[in-house]
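Have a look at the structure below, then the notes.
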Amino acid sequence: MSEGRLATHVEVSALLARAAAEGGFGAVMRRGDAERGSLLLLLAERGAVLFTMERLLQQDGRYAWEKRVLRDSASLQQHLARAADRDPDLWILELDVPSAERFTAEMS
């Protein structure tokens, strides 16, 4: 059984607000289902995407963030296209923050 969680649109708003509060900014690149959509984050510093974080349902029914470092822009575009094809409810956010590693380390 999966744990209760906030509606995705609320999480999206919180992530965008947190990025802004830390001196960065965020943008919604793809809007998914407002209530139950999954999340894929592009974490960037100074305009350069460093890695992605995707919240995935685990076998035990809980959600966990999976980090993926991509070699180049083509790999990133392929990953985003596959993720969107796999999940029509997917939200994709780009968050450009001063310290992407610290930002994601504080995510639960």
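A few remarks follow.
- Taken over the stretch 68-99, the criterion of being in a strand (DSSP E or B) and at pLDDT below 95 is satisfied by R68 alone.
- Yes/no for R31 being modelled with pLDDT of 95 or more, surrounded by fewer than 17 Cβ atoms within 10 Å (Cβ to Cβ), closer than 15 Å to T8 by Cα and not hydrophobic (A, V, I, L, M, F, W, C): yes
- Where G26 falls short, out of the listed (1) surrounded by fewer than 17 Cβ atoms within 10 Å (Cβ to Cβ); (2) modelled with pLDDT of 95 or more; (3) touching a helix residue (DSSP H, G or I) at 6+ places or on another chain (Cβ under 7 Å): (1)
- The residues of the stretch 15-41 that are free of Cβ contacts under 8 Å to residues at least 12 places away in the same chain and closer than 24 Å to L76 by Cβ amount to a single one, A20.
- When the residues of the stretch 3-23 are filtered to those that are at pLDDT below 95 and exposed (fewer than 11 other Cβ atoms within 10 Å of the Cβ), the one that is nearest to R62 (Cα to Cα) is E3.
- A count restricted to the stretch 42-64 and to residues that are aliphatic (A, V, I, L, M) and touching a residue at least 60 places away in the same chain (Cβ under 8 Å) stands at 1.
- Within the stretch 55-82, tally of residues that are more than 15 Å from F103 (Cβ to Cβ) and in contact with a strand residue (DSSP E or B) (Cβ under 9 Å, 6 or more places away or on another chain): 13
- Of the criteria (1) under 10 Å from the mean Cα position of the chain (by Cα); (2) more than 17 Å from E11 (Cα to Cα), which one L39 fails: (2)
- Taken over the stretch 56-90, the residue count meeting the criterion of being more than 15 Å from S38 (Cβ to Cβ) and hydroxyl-bearing (S, T, Y) is 2.
- In the stretch 55-66, the count of residues that are within 23 Å of R86 (Cβ to Cβ), at pLDDT 95 or above and not in a loop (DSSP other than H, G, I, E, B) is zero.
The values are calculated or read from the model by the stated rules, or taken from the named source; none is laboratory data. Remember, it's a predicted structure, so these values are computed and weren't measured experimentally. All Cβ positions, glycine included, derive from the backbone under ideal geometry; neighbour counts span all protein chains shown.
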